[in-house]
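Nothing in this text is a laboratory measurement; each read-out follows from the coordinates by a stated rule. Since this is a predicted model, take the numbers as computed values, not measurements. Cβ atoms come from the backbone with ideal geometry, glycine included; neighbour counts cover every protein chain shown.
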There are 2 protein chains.
Amino acid sequence: MKNRFATLVGALALSATAAAQTWIWYPGDYEIWLGNQMNNRRTERGAFFPPFWKTDSHYVVVEFSKKLDLAEPEEIFIAAEGKYNVKLDGKLQFGMPSTLKLPAGKHSLNIKVWNQSTPPTIYVKGKTVNTDKTWKVTYEDKEWIDESGKASDTSATIYMDAGCWNFDGATQLPSRFSLVRKPMKAVSSTPQKEGVLYDFGKETFGYITLKEVKGKGTIHIYYGESPEEALDTEYCETLDKLLAEPGQITDLAIRNTRKLYDEYTLDNSKAFRYVYVTCDPGVTMQDVSMQYEYLPEEYRGSFKCNDEELNRIWEVGAYTMHLTTREFFIDGIKRDRWVWSGDAIQSYLMNYYLFFDNETVKRTIWLLRGKDPVTSHSNTIMDYTFYWFLSVYDYYMYSGDKDFVTQLYPRMQSMMDYVLGRTNANGMVEGMTGDWVFVDWADGYLDKKGELSFEQVLFCKSLETMALCAGLAGNTADKTKYEKLASALRSKLEPAFWNEQKQAMVHNRIQGKQSESVTRYANMFSVFFNYLNADKQQAIKHSVLQNDRILKITTPYMRFYELEALCALGEQESVMKEMKAYWGGMLKEGATSFWEKYNPEETGTQHLAMYGRPYGKSLCHAWGASPIYLLGKYYLGVKPTKPGYEEYSVTPCLGGLKWMEGTVPTPYGNIHIYMDKKVIRIKSDGGKGVLNIPTRKGMKAMTIEPGTEQVFKY
Amino acid sequence: MKNRFATLVGALALSATAAAQTWIWYPGDYEIWLGNQMNNRRTERGAFFPPFWKTDSHYVVVEFSKKLDLAEPEEIFIAAEGKYNVKLDGKLQFGMPSTLKLPAGKHSLNIKVWNQSTPPTIYVKGKTVNTDKTWKVTYEDKEWIDESGKASDTSATIYMDAGCWNFDGATQLPSRFSLVRKPMKAVSSTPQKEGVLYDFGKETFGYITLKEVKGKGTIHIYYGESPEEALDTEYCETLDKLLAEPGQITDLAIRNTRKLYDEYTLDNSKAFRYVYVTCDPGVTMQDVSMQYEYLPEEYRGSFKCNDEELNRIWEVGAYTMHLTTREFFIDGIKRDRWVWSGDAIQSYLMNYYLFFDNETVKRTIWLLRGKDPVTSHSNTIMDYTFYWFLSVYDYYMYSGDKDFVTQLYPRMQSMMDYVLGRTNANGMVEGMTGDWVFVDWADGYLDKKGELSFEQVLFCKSLETMALCAGLAGNTADKTKYEKLASALRSKLEPAFWNEQKQAMVHNRIQGKQSESVTRYANMFSVFFNYLNADKQQAIKHSVLQNDRILKITTPYMRFYELEALCALGEQESVMKEMKAYWGGMLKEGATSFWEKYNPEETGTQHLAMYGRPYGKSLCHAWGASPIYLLGKYYLGVKPTKPGYEEYSVTPCLGGLKWMEGTVPTPYGNIHIYMDKKVIRIKSDGGKGVLNIPTRKGMKAMTIEPGTEQVFKY
C-alpha cells in the first residue's frame, strides 16, 4: 500500500497542471495552433517557407463545462480568449460576464467560446471553482431543444478533459506566449570588403539588434553557421534585407515598417554563429548584437567522466538539445525549424535523460498528429508515422502519464486506420503515391520500392504499441484486434526478409522476391525490438553492424539506432570508441553544436553542403545529440521497467572509462550514479529500483532503496 | 449546333466569376469562414449564442498554382490576405513580392499563403495572367525534396479549382465583406410609462442608431417583432444595454467602449418592427433610427394576378425571402439567424423563382456541409442531411452548374459514408444517440422511434441523388454502388410502410412492426418523388392529404411540401384556396413577413409563442415564403427538364384565378408568361421550351421559340 501511495503522489507531482487555476483549452488545439506559429517561421533567403503537409487548426467554437457541488456560495472571476457566453444551470447570463455569483449546492457551469484566430481558452478563478484539467470540453455540445424548449436528452457528445500548460495567471494569455530573450554580444567583429563579419562565438539563435542606425539605404544581413556561409551572399541559406530611412526602418521581406529608435531588433529569429552585415554607403550603425531566445529548461540530467572529450560531447549535445527544444522539439534551428516526427522521437528520448520536460513532449506529439481526417503520413513520411506511435508509449514508460494516452487514443486509432487502409495483400506497407519512404539520408542508393523490411519492422512495433495503448484506454476490443494484427505481421517478418546465406534481413522484397541488398536499418531495429532470437542477433552484429561492406550510416539520426543496437548487444566499449570518433570528429571540425549529417570522409566545406546547396546542411540538429541518450541509458544504464519509473533498472557500464558519474531525472526526482572500476554509488529519490552489478558470474541484482546513497563494491 | 452554342454562352453568363481577375481561395473555405461570422451573431437577451454543432474552419495554409504559357513577357500585380510566398518555376522569390516580371514561354507560378484568422486568399492581375477559378489550389502540396534537392515526383496531392465570388478589385478584400446599409426612420413613436416605443412600420433588420445621446446612465433597447414583445422587458427575445458616459458609450453585452459622436450605431444587428427604448433619468437622446442591412438582389421573378390578396401574399413572401437572404440563406432574422439545411433547401427553391442567385445557394451548400470528418448530421438533424443531398441536384437542375457538383462531390461521398455507417440491419436509418430526428414542429405527438417512413423516403432519394452526382463527377463505380443501394432501399419502402387497410404509408415501424400512426410526411414526399403508382398516389390524396383526421401541419415549412404534393396531383384549385386561407390568414393577423409557424386555430398573443417562450416564434422565417415557389412552379408552371433550362416545360394553370402573369428567371434570361381563360402569351430568352396547353382532350405540347412573344389561344 505504501508503494501504491508513493506512485500516486509521483503521478501528481509530474503534472505541471495541478495548480489551483490555469488557462484551459480543447486538448491538442493550443498545441496545434502554437505549432503553426512555429512551423510557419521558416524562411529561405528572405522568402516565407511553410510546410508542405496539411496544416491543421483549432476548433473555433468550444464549450467548457464543470459540474459543481458547493458547500457555500462563491463568486468566480471569468476570463476568456474569444467571444463567450456563460450558462449556469442551463440559463444564459447577460453579456460576457467577468464575475458570476454561484449559489451553494449542485450546479452546472458552461462557458462557450468562439475564436477564429487563436484557440478558444478560458480562465476561471474562485475560492473552490477554478479552471483545470478536470473541466470537460467539447467542440459540439449538440444541445438542441424541442418545440417545448426541452433540451435534448440523447446527446452523443464526446467530452474530453481540458488541455492546459502553465498559464496560471489571469493575464497570462496563452495566445501571447513567447520564449525568453536575453541580450548577447558578438565575441569578435572583422571588417570585410563590403561590411563587417560578426562572430557570436558559438552556434546560437535569436534576433539581430542594430544600434543607432542612421541615414538612408539598404542594410543586408547574411547569416551563417560557418564564416563561409555568412560571407557567401549569393548562397547563404538565410538573410534579411532592411530599408533604413530617416526615422523609420522597413523589413523588406515581410514589408513591415517601424519607427526607428536607438535600437532596432528584427522581427524574425534566425540561427547563426556568424553574421555578415553590409550597408549602402548612406547608412551607418554603431553596433550589431542579438537577443538570444530560448525555452527555460532545468538541466536535470548530467554526465561526467574521466574522458574530457566525452564530457565535451555530452555538453555540446546538451546545448544542441537546448537550442532545438523550443515551443516544440524541432529538427534544427537554421533551416526547417519544423516539427518532424522522426527527429522528435529522438529528442523525446534524449529529453528523458536531460530535461525530463513532459510538457514539450506532449505538445510535440499533439502537433505531429494534428486533426482528422488523416490525409498523409506524419510529415508525409511513412516511417515518421510509425515513430509517432512508438513515441507515445515511450512517453508513457518514462512519465507514467496514462491520462495523456487515453486522451490521445482516438487520434491514434484514426492514424492507424489510415495506415491499415494502405497495406497490400500481404498486410504489409509499400510506398504508395504520395508516401515519402524516407529511412535515412544515405550516401548511396537506397531502394524505396516494394516491401521494405525496415518499414515492416516499424509497422509491426506500431501495431504492438496500438495494442498496449488500447489496453491503457480500456478498449479491449481494439487491444485484441491490434494484438492479432501485430502477431500476424510479426510472424511474416522472418520468412519474408531473413536471408540464411547473408545471415541478415534483406533490405526489401519486390513482388514476393527478396532483393540482394542488405542495409543496417531493419537489422538494427530487430535487435533492440528483440524481434530475432539471440543467435540471429549475434549473427547480425557480425554480418551487418560491424561489417564495413554494408552501406555506412552518415547521419547522427540513424547512428542513434545503430549504436543503440550495439549497446543492446553489450558492445558499450566499441560504441564508446565510435562515439568519440564520430562526435569527437565533429568537435575537431569546430562544431559548437551537433550536425544534421557527418561523413568523416569529407573535408573542409564539403561538411557544409547538403540537398545540392553549398550550405544546405544544418549544423545544429537535434538528432545530432544522441550521446545524451546513449550515455544515460546504456552507460549510466538507467531505464524504467514499469511506467513512470514505478520500477526501474540501473545497469551501469563503464565501457572503457575509468570512472563516470551522472544524474538521470525521473518523476520521483533523480537517480544519481557514480561508478569506477571498484565501486558503484547510487542514490535514488523514489521508485522501486534494481541495480545490476557486473560480477564474474554475470549480473547480480541488488535492490535500490530510495532516499539514501548506497555503495556497492564489485 | 446553334443550340449547343447558346448553352455554352448561357453557362458562361451564369457564372459570376468569369471576370478578368478576382480574389480566389480554397473552394468552400471562404464560405465556411463567412458562415462562422453569420452563425455566431445570434444573441439571446444580450448573451452570445453560438451553434451547437461542430463549427469548421478554413485551411490555414493553402497553395495556389497556375501553369502559364506566355506569348510575351508581362508584369503581374500580386496581393494576398495572409503571409505568403511566390515561386516561379520552383524558385522562391524574395519576401512577399507585390509585383513580379514573368518571362515569355511556359512557366509555373505558385503562391502559398498562411492565415489563421481569415481564409488565405490571393489576387493576381496582369495582362493575361489573372486569378480566377481556373487556378488550382491545395492544402497539402507534399513537395518534399530528396537529399540531392530533387522534388518529389510521386505526389498524390489533390488539386481543386479555386473558389471565388465577386471580389474583383484589388482592394476588395474578401475578409472585409459586408452587406449594404441604408438609413431608415421609424414611422411612429409612442411614449410609454418608462420610455418610447418606435414602430418601423414593418418587419425589418439592421442596427439601431441613437442621436445626440447626452448624460450618464444606462440605456435599454428592447426589440420586438410585435409591440407586445418590445414592451415586455422581461421576456422579449433580444435586447441591448448601453452605458452612456460623457464622451463615450459602452455596449455592455460585448464590453466594447467607443467614443461618442453625434450618432451612435450599435455593433450588433437585430430583427424587429418595434423597438422600446428606456433610459436612466440622467440620459437623454434626440432620436432613434436604424441602418437597414441587406444583400442587394434583383427581383427577377414576378407574379401578378386578378386577386389582390394573392398579390400581397407574393409580395410579402418576396420580402420575407429578401430579409432572410443575407450572407447565406438563413432560417429567420430574429432568433437563430443560423443556416439550417431544411430551411435552406426551401430558400433555394424559392430563390430559383425570385432572385436566381446561384452564389448564395453555393455558399450555403458549402457552409452546411463543412469539413471532414463528419461528426453529426447536418445541423445534427437526420432529415436535414438528406435535404442537403437533394439540394445539390436541385441546384444542378436549375443552374446547369456541373463544375460545382464535381468540386463538391468528395464531401458528398464522406457525408453519405457517415449516413451509411449509421444504418440498421435492414439498411434503413433509425435515430441513434446524438441524432436529432426532426420531421416538423407538430401540434401533436410525433413518434421518432424506429424506422420512420419519412426518413427512409428522404434517404432513398438521397441515394438516388448520390448516383446522379457520381455520374456528373465521372465516378462510374460510385454511380453503380449508389444505384444499387437506392434500388435496394426503394424496393423495401412499400413492403415496410404501405398499409392496405389505411391506404397510406404508416408513420414508422418498430422492430419490424408497423405502427398504427399515419402522418402526412412520408405520404406527401412519396407523391412528388413518384415513389408510388398513380392509384396509390390518388388514394393518398383522400386517405391522407385531404383527410382532416390526420394530424394537421401547422408550419409553413411542411405546408410547402404538402401543397406541392397536392399541386403535383393537379389540385391547384384547392391549393389556391389553402394558400389564401393560410398565408392570407397571417396577413389578416397583421403579418408584414411570413412566420415560422401558424396555427389558424390560435388567437392573439398565442401566435407569438413557441419553444415554451411567449415570443419564441420567429415572425420572419424563410420557410414562410413558399407561395413564391408554388406560384412559379405550379401556376406559372415553369420548371427545367434538363439541367440549367437547356430544356424546360411550362404548364400554366390558373387554379381558379381569372388571369395571371409573371416572370421566371433562367440562366438564359427570363421566361415571361401571361394567362387568362382564353389565351397564353409567352416570351422566353433561351433554352428549348415546351408549353403544355390544357385542351378538352388533355394537354397539348407546343414548342416555345426563344426571342419573341408567342400567343396561344386555347
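So here's what we get for this one:
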{"item": "Kirkwood-based Rg to Rh ratio, chain A, C-alpha trace", "result": "0.99"}
{"item": "Mean projected area (nm²) of the alpha-carbon convex hull when the stretch B:370-519 is viewed from all directions", "result": "9.6 nm²"}
{"item": "Values of log10 I(q)/I(0), in the order q = 0.12, 0.22, 0.27, 0.31 Å⁻¹, for the stretch B:157-210 under a Debye, Cα-only, solvent-free model", "result": "-0.56, -0.96, -1.15, -1.28"}
{"item": "Amide H contacts under 5 Å for A:F329, placed H, 5+ residues apart", "result": "A:T364"}
{"item": "Ascending count of other beta-carbon atoms within 10 Å, so fewest first, for A:K202, A:K713, A:K125", "result": "A:K713, A:K202, A:K125"}
{"item": "B:A156 long-range amide H proximity, modeled H, under 5 Å", "result": "A:G434"}
{"item": "Net charge of Cβ neighbours under 10 Å - reference B:F48; Lys, Arg +1; Asp, Glu -1", "result": "+3"}
{"item": "Inter-copy separations for B:D262, label at 7 Å along Cα-Cβ, nm, ascending", "result": "4.8"}
{"item": "Expected 222 nm ellipticity per residue - DSSP helices of 4 or more, -39500 (n - 2.57), all of the protein assembly as shown, to 500", "result": "-9000 deg cm²/dmol"}
{"item": "For A:364-372, mean number of other protein chain Cβ atoms within 10 Å", "result": "1"}
{"item": "Loop chymotrypsin sites (Phe, Trp or Tyr not before Pro), the stretch B:608-646 (other Cβ atoms within 10 Å of the site Cβ: 13 or fewer; DSSP)", "result": "none"}
{"item": "Across the identical copies, how the B:S649 labels are spaced - nm, sorted shortest first, 7 Å along Cα→Cβ", "result": "8.2"}
{"item": "Burial ordering of A:D435, B:D161, fewest other beta-carbon atoms within 10 Å first", "result": "B:D161, A:D435"}
{"item": "Net charge contributed by nearby residues that have their C-beta within less than 14 Å of A:N358 (K/R +1, D/E -1)", "result": "-3"}
{"item": "At least 20 Å along the helix axis (C-alpha) and Kyte average at least 0.0, DSSP helices within chain B", "result": "B:453-472"}
{"item": "J(HN,Hα) series, the stretch A:689-702, from Karplus relation 6.51 cos²θ - 1.76 cosθ + 1.60, nearest Hz, glycine and proline x", "result": "x, 10, 9, 9, 9, x, 10, 5, 8, x, 7, 10, 9, 10"}
{"item": "Per-residue HN-Hα couplings for the stretch B:164-169 [Karplus 6.51, -1.76, 1.60; θ = phi - 60°; Hz; x = Gly/Pro]", "result": "7, 9, 9, 8, 8, x"}
{"item": "Surrounding net charge for B:L420, when Lys and Arg each add one and Asp and Glu each subtract one, Cβ distance under 13 Å", "result": "+1"}
{"item": "Efficiency of FRET from Cβ geometry, B:T695 and B:N306, R₀ 30 Å, rounded to 0.05", "result": "0.85"}
{"item": "Selection of GluC sites (Glu not before Pro), the stretch A:583-613, meeting DSSP coil and at most 13 other Cβ within 10 Å", "result": "A:E601"}
{"item": "Principal semi-axes in Å for the stretch B:21-176 [√(5λ), Cα gyration tensor, largest first]", "result": "32, 19, 12"}
{"item": "Tail weight of P(r) past 23 Å, computed on alpha-carbon pairs of the stretch A:119-266, percent", "result": "62 percent"}
{"item": "The stretch A:309-414 - Debye-derived log10 I(q)/I(0), Cα point model, q = 0.12, 0.13, 0.23 Å⁻¹", "result": "-0.40, -0.47, -1.30"}
{"item": "Those aspartates and glutamates that a straight Cα-Cα span of less than 14 Å connects to A:K66, excepting residues fewer than 8 apart in one chain", "result": "A:D89, A:D132, A:D141, A:D161"}
{"item": "Cα-based Kirkwood hydrodynamic radius, the protein assembly as shown, one decimal, Å", "result": "35.7 Å"}
{"item": "At 7 Å out from Cα toward Cβ: B:V711 inter-copy label distances (nm, ascending)", "result": "12.4"}
{"item": "Linear extension gain, B:L179 paired with B:A425, 0.36 nm per residue minus alpha-carbon span", "result": "83.7 nm"}
{"item": "Amide H contacts of A:T666 (H built 1.01 Å from N, under 5 Å, at least 5 apart or other chain)", "result": "A:I671"}
{"item": "Estimated inter-spin distance, B:D447 and B:D676, nm [label 7 Å along Cα→Cβ]", "result": "5.5 nm"}
{"item": "Scaled radius of gyration (Cα, divided by 2.2 N^0.38 Å) that the stretch B:644-713 gives", "result": "1.05"}
{"item": "Among beta bridges that DSSP assigns inside the protein assembly as shown, antiparallel share in %, nearest 5", "result": "95 percent"}
{"item": "Coil-residue chymotrypsin sites (Phe, Trp or Tyr not before Pro) of the stretch A:516-592, DSSP, other Cβ within 10 Å capped at 16", "result": "none"}
{"item": "Separation between Cα centres of the stretch B:325-373 and the stretch B:147-217, rounded to whole Å", "result": "16 Å"}
{"item": "Rh (Kirkwood; distinct C-alpha pairs) - the stretch B:180-294, Å", "result": "13.9 Å"}
{"item": "Residue closest to axis [chain B; rotation mapping onto A; Cβ; Å]", "result": "B:S117, 2"}
{"item": "Footprinting exposure proxy for B:L100, B:L545 (fewest neighbouring C-beta atoms within 10 Å first)", "result": "B:L100, B:L545"}
